[in-house]
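The values are calculated or read from the model by the stated rules, or taken from the named source; none is laboratory data. Quantities reported herein were computed from a predicted structural model and do not represent experimental measurements. Counting neighbours? That spans all protein chains shown, and the Cβs are built from the backbone with ideal geometry, glycine included. Please note that ligands, DNA and RNA were not included when accessible areas were found on the heavy atoms of the full protein model with its side chains. Shrake-Rupley method; radii C 1.70, N 1.55, O 1.52, S 1.80 Å.
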Amino acid sequence: MLNRQINDFRDRKPFGPRWPVLVVTALILLLFGAFSYADNRVMGEVQFEGATKVERDSGVWIDGQYLGYLKELKGDKKVMLLPGEHEITVRQAGLDDFVRKIVVEPGQKQTVRVAMQKSAGWQMPSITSTLKLTVQPNRAAVFLDDHYVGHVGEFGGKFRSMQIAPGKHRIKIELAGYRTFETEIDLLAGQKSEVKTDLVKGSIKQNDGMIKQVAQQAASNPR
């Protein structure tokens, strides 16, 4: 009886049949953590501060690529860039582009303070129509007749909408990682309309390129 118990003890695997899998998994997690730490030391972080709500709702482009609106670029959306020179452009309808060139150093953090200025020739149309956008994700960029006018969240909800001149307009909504949504509207003076859609996920190559262009803000840009 005693010999049988000893043999059973010898044959027993101390960690069960799954212990090699657990060890490999632990090693992978450790290596992933080490690589992530190394990446963070190589990359530099850029933070943004806006003087007013206008700046904080403005769209941010880095090296010609739209990233989102200023106040959301933190936490899991924080901006990490490779070392070197980068160009930052912040845009909002009716305002001059804010453009800065920065040099990112490895493992360092820097803050870009954004202050927008009103465009000299910009004015609201005297007669307007109202357009509301109900689109997800609401951080997507909105282009009216090929001019950037803001992000979706600025033109949706109970009290937010876009004031535009009556007539025909082309609406494009874009976000990296989603297919471009495009539609045309034809509004009468004083008419209220709404565009509802959910962007379909896809490759960045399926954008039509508006969010990658350095779009010029026209003085007559309606909003």
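Which FRET efficiency value, to the nearest 0.05, do you get for Asp96 and Thr183 by plugging their Cβ-Cβ distance into 1/(1 + (r/R0)^6) with R0 = 30 Å? Don't jump to the answer; show the numbers that get you there.
Values: r = 29 Å, r/R0 = 0.96.
With R0 = 30 Å, the Cβ-Cβ based efficiency is 0.55.
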Note to self: Over 10 Å intervals from 0, what percent of Cα-Cα pairs in region 51-173 sits in each interval?
What the structure shows: 12, 41, 32, 12, 3, 0
Next item on the list: For region 118-203, report the accessible area per residue in Å² (1.4 Å probe, heavy atoms, rounded to an integer).
Entry: 51
Next item on the list: Please calculate the 1.4 Å probe accessible area of Thr183, with all protein chains present, and give it to the nearest 10 Å².
Entry: 40
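Report the FRET efficiency, 1/(1 + (r/R0)^6), for Gln136 and Val54, where r is their Cβ-Cβ distance and R0 is 30 Å, rounded to 0.05. Before the final figure, lay out each step's value.
Values: r = 24 Å, r/R0 = 0.80.
The calculated FRET efficiency here is 0.80.
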Margin query: Between Asp146 and Gln47, what's the calculated FRET efficiency when r is the beta-carbon distance and R0 is 30 Å? Round to 0.05.
Written below: 0.45
Item checked: Size descriptor, Kirkwood hydrodynamic radius, that averages inverse alpha-carbon separations across region 123-173, Å -> 11.3
Check: How far apart, in nm, are the 7 Å Cα→Cβ label points at Gln108 and Ala120?
Finding: 3.6
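Given the pairs Lys77/Lys192; Lys53/Lys77; Lys101/Lys172; Lys78/Lys172; Lys78/Lys118, which span a C-alpha to C-alpha distance of over 31 angstrom in this model?
Details: Lys77/Lys192 34 Å; Lys53/Lys77 19 Å; Lys101/Lys172 28 Å; Lys78/Lys172 26 Å; Lys78/Lys118 28 Å.
Those over the limit are Lys77/Lys192.
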Notebook entry, point to check: Roughly to the nearest percent, how much of the accessible area of region 42-152 is carbon and sulfur, given a 1.4 Å probe?
Noted result: 48
Note to self: Could you sort the peptides 121-130, 137-146 by per-residue average Cβ neighbour count (10 Å cutoff), highest mean leading?
What the structure shows: 137-146, 121-130
